[in-house]
Amino acid sequence: MTYEFRPVRSAAAWQHLHRIRRSVLFPPGRHSVDYDENHPDDRAEGNVPFLLMCCGHPIGVVRLDFRDETAVVRLVAITDDERGKGHGRELDRLIESEAKRRGVRWLQVNAVPEAVGYYEKTGWRHGQWDTSELAGIAEDCVQLSKEL
């Protein structure tokens with residue numbers, strides 16, 4: 001399989017990102033807030049949304065919020081029809097590679113409880129890094145980090 005990890009720049013890429021987020025992360029009834037395609041965090045300085053492409057097709061998304069030697073991994077999703085096929089491990093590898101390229105030494109994530117096992121299998125460790133993050137749609141999340 002051929003993977004690409006592309007920053008979201010074009011209108012078409014933004015459409016793919018929003019489609020995946022809506023279907024996987026924000027399906028009807030999952031959260032008390034609606035998904036906002038124009039959320040300012042997606043375009044804030046230092047924050048970079050990415051598409052995971054496999055054989056030319058968008059199958060995953062993530063946003064990396066770069067903060068000096070740390071990057072926060074946000075809004076991670078693999079499409080339902082591609083989940084369980086090893087793409088998440090490849091996404092984790094590509095996230096690490098991009099972070100290292102940018103001088104990051106630590107990754108942090110607020111993981112939904114059902115994803116904690118995946119993160120543990122890919123080298124993430126439990127540890128609170130900012131309890132103020134655990135609010136709103138992240139109130140039930142588990143904080144993990146990974147040294148690069």
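Close amide H contacts of residue 8 (hydrogens built in the peptide plane, cut-off under 5 Å, sequence separation of 5 or more or a different chain): 50, 51.
Taking 126, 31, 18 in turn, the Gaussian network model of the chain (Cα-Cα springs below 10 Å) assigns the largest fluctuation to 31. Taking the charge dipole of the chain about its Cα centre, with +1 at Lys and Arg Cβ atoms and -1 at Asp and Glu Cβ atoms, the residue from 2, 13, 145 reaching farthest to the positive side is 2.
Rounded to the nearest 20, the Cβ-based charge dipole of the stretch 3-147 about its Cα centre (Lys and Arg +1, Asp and Glu -1) stands at 480 debye. Less than 5 angstrom separates the built amide H of residue 47 from those of 66, all sequence-distant by 5 or more or on a different chain. As I understand it, the dipole of the chain uses +1 on the Cβ of Lys and Arg and -1 on the Cβ of Asp and Glu, about the Cα centre. Which of 126, 27, 64 lies farthest toward its positive end? Value: 64. Note that the stretch 65-81 has calculated 3J(HN,Hα) couplings of 9, 7, 9, 6, 8, 10, 10, 9, 8, 9, 6, 7, 7, 10, 4, 4, 6 Hz, one per residue in order, obtained from phi through the Karplus relation 6.51 cos²θ - 1.76 cosθ + 1.60 (θ = phi - 60°); glycine and proline are x.
Mean separation of Cα pairs under 8 Å and 6 or more residues apart, divided by the residue count, gives the stretch 3-147 a relative contact order of 20 percent.
Scanning the chain for GluC sites (Glu not before Pro) that sit in a DSSP loop and have at most 10 other Cβ atoms within 10 Å, the longest stretch containing none of them is 46-138.
Considering only the other residues whose Cβ falls under 14 Å of the Cβ of residue 134, what net charge follows from Lys and Arg at +1 and Asp and Glu at -1?
On the way: positive: 74; negative: 130, 133, 139, 140.
Charge balance near residue 134 sits at -3.
Estimated from helical segments only, the mean residue ellipticity of the chain at 222 nm is -6000 deg cm²/dmol, where each DSSP H run of four or more residues counts as -39500 (n - 2.57). With both residues required to sit in the chain, DSSP beta bridges show an antiparallel share near 90%.
Throughout, read-outs are computed from the coordinates displayed, never taken from laboratory work. Just so we're clear, the structure is a prediction, and the values are computed from it rather than from any experiment. With ideal geometry, Cβ positions are generated from the backbone for all residues, glycine too; neighbour counts draw on all protein chains shown.
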